[in-house]
Amino acid sequence: MLVTILTMTLAYILWGRDRKIEFAVAIVGTMWGVVIEIIGATVSGYHTFNEPDFFGIPLWVAVCWGFGFVLGKRVVLILTKGSSFSNNS
């Protein structure tokens with residue numbers, strides 16, 4: 001699972017234009033994902049995972065957060081550039 005998500009994330013980043021920025025966004029998103037999931041799984045206990053890798057969370061969850069940050073960055077750029085999805089047309 002981890003290898004698949006890492007491969008998808010790297011392919012998505014390499015497919016884009018802002019590779020350096022998106023790579024940094026993915027790293028920051030992964031770090032924030034680790035913090036948020038550790039708080040959720042270990043500190044507050046609002047959820048648990050069956051097979052955690054470290055601090056009560058699997059590694060693939062943190063990588064999903066990184067991918068989500070990159071995807072979110074792209075969505076925000078699309079919406080702020082006046083695409084057909086925004087009201088700025």
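The values are calculated or read from the model by the stated rules, or taken from the named source; none is laboratory data. Fair warning: this is a prediction, and the values are worked out from it, not measured in the lab. In this analysis, Cβ positions are derived from the backbone assuming ideal geometry, glycine residues included, and neighbour counts consider all displayed protein chains.
Summary table below
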{"item": "Matching residues in segment 61-77 - criterion: being under 30 Å from residue 50 (Cα atoms) and either free of Cβ contacts under 8 Å to residues at least 12 places away in the same chain or not hydrophobic (A, V, I, L, M, F, W, C) (or both)", "result": "66, 68, 72"}
{"item": "Residues that are touching an Asp or Glu at 6+ places or on another chain (Cβ under 7 Å) and not in a helix (DSSP H, G or I), drawn from segment 49-59", "result": "57, 58"}
{"item": "Unmet criterion (only one of (1) more than 14 Å from residue 69 (Cβ to Cβ); (2) without any contact (Cβ under 8 Å) to a residue 12 or more places away in the chain) for residue 42", "result": "(2)"}
{"item": "Flag for residue 5 being in contact with a strand residue (DSSP E or B) (Cβ under 8 Å, 6 or more places away or on another chain), surrounded by 15 or more Cβ atoms within 10 Å (Cβ to Cβ) and assigned to a helix (DSSP H, G or I)", "result": "no"}
{"item": "Residue identified as surrounded by 13 or more Cβ atoms within 10 Å (Cβ to Cβ) and either small (Gly, Ala, Ser) or at pLDDT 90 or above (or both) among 36, 57", "result": "36"}
{"item": "For residue 14: the one exception among (1) under 27 Å from residue 76 (Cα atoms); (2) touching a residue at least 12 places away in the same chain (Cβ under 8 Å)", "result": "(2)"}
{"item": "Any chance residue 69 is aromatic (Phe, Trp, Tyr), out of contact with any Gly (no Cβ under 8 Å at 6 or more places or on another chain) and surrounded by 16 or more Cβ atoms within 10 Å (Cβ to Cβ)", "result": "no"}
{"item": "Failed condition for residue 46, given (1) of a type in the set (Phe, Trp, Tyr); (2) loosely packed, with under 13 Cβ neighbours inside 10 Å; (3) part of a helix (DSSP H, G or I)", "result": "(3)"}
{"item": "Residue 74 being in a loop (DSSP other than H, G, I, E, B) and charged (D, E, K, R)", "result": "no"}
{"item": "For residue 5: the one exception among (1) in contact with a Cys (Cβ under 8 Å, 6 or more places away or on another chain); (2) at pLDDT below 85", "result": "(2)"}
{"item": "Residue among 11, 26, 62, 41 that is assigned to a helix (DSSP H, G or I) and touching a strand residue (DSSP E or B) at 6+ places or on another chain (Cβ under 6 Å)", "result": "41"}
